[in-house]
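What follows is one structure encoded as structure tokens, with my remarks underneath.
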Amino acid sequence: MNGLYIALGIIAVIAVLFVGVYNGFIKFVTRAKESWSDIDVQLKRRYDLIPNLVNTVKGYAQHEAGTFDSVTKARAAAMGAQGLEEKGKAENMLSGALKSLFAVAEAYPDLKANQNFLELQRELSDTENKIQAARRFYNTNVRDLNIAIDTFPQNFVAQIFKFSKMEFFALEEEAAKEPVKVSF
């Protein structure tokens, strides 16, 4: 009779551990999805600011049509991007196009003094900072999930319930380091 109680106790402990590990995975996946939503919110805010910024700069620098077109195309590509890799590439393109737009703005002292332009520039800078913070938060949650999937004994639960690793949202370092090319 004592052997039966010991066996039931061991089974109960294993079941509790199994449920705890499973719930841990649910927590990791939910946090990663929530943090991706935070990135989406900030990217939408960025996309909404860009047309106003382009229109403000257009009023001062009408002959810079190529720059405006590249910003508009990059924005459309970023908004339509699917998947993390495509999204990362599109966001890199958009960041480069925005750098070019701000470089054009540097050539127009009246524009740099325009209150509307300064406010849009400040809001965009604030949004970029929020995107970076949201990206770090997302990548931290993805890291925690991926570590749990690879760690013993959680890896058994991950395999049973088909929990899979998620991709990090990384920016290409080459694009971030490249100087802005401006020609007048």
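Any read-out appearing in this document is the output of simple, stated calculations on the displayed coordinates, not a laboratory observation. All values reported here derive from a predicted model rather than from experimental measurement. With ideal geometry, Cβ positions are generated from the backbone for all residues, glycine too; neighbour counts draw on all protein chains shown.
Would you check which residues across region 39-67 are of a type in the set (D, E, K, R), in contact (Cβ under 8 Å) with a residue 60 or more places away in the chain and buried (at least 17 other Cβ atoms within 10 Å of the Cβ) and list them? The one that is of a type in the set (D, E, K, R), in contact (Cβ under 8 Å) with a residue 60 or more places away in the chain and buried (at least 17 other Cβ atoms within 10 Å of the Cβ): Arg46. Residues in region 108-166 that are in contact (Cβ under 8 Å) with a residue 60 or more places away in the chain, surrounded by fewer than 19 Cβ atoms within 10 Å (Cβ to Cβ) and touching an Asp or Glu at 6+ places or on another chain (Cβ under 8 Å): Phe137 only.
Could you tell me whether Lys33 is of a type outside the set (S, T, N, Q), farther than 28 Å from Met93 by Cα, surrounded by 10 or more Cβ atoms within 10 Å (Cβ to Cβ) and out of contact with any Cys (no Cβ under 8 Å at 6 or more places or on another chain)? Can you show your working first?
Details: of a type outside the set (S, T, N, Q): yes; farther than 28 Å from Met93 by Cα: no; surrounded by 10 or more Cβ atoms within 10 Å (Cβ to Cβ): yes; out of contact with any Cys (no Cβ under 8 Å at 6 or more places or on another chain): yes.
Considered against the rule, which asks whether it is of a type outside the set (S, T, N, Q), farther than 28 Å from Met93 by Cα, surrounded by 10 or more Cβ atoms within 10 Å (Cβ to Cβ) and out of contact with any Cys (no Cβ under 8 Å at 6 or more places or on another chain), Lys33 comes out as no.
Would you point out the residue of region 8-38, among those that are polar (S, T, N, Q) and without any contact (Cβ under 8 Å) to a residue 24 or more places away in the chain, that is nearest to Leu124 (Cα to Cα)? Spell out the reasoning first.
Taking region 8-38 first, the residues polar (S, T, N, Q) are 23, 30, 35, 37.
If we keep only those that are without any contact (Cβ under 8 Å) to a residue 24 or more places away in the chain too, we end up with 23, 30, 37.
On the way: Asn23: 38, Thr30: 29, Ser37: 19 Å.
Residue satisfying both the conditions and the ranking: Ser37.
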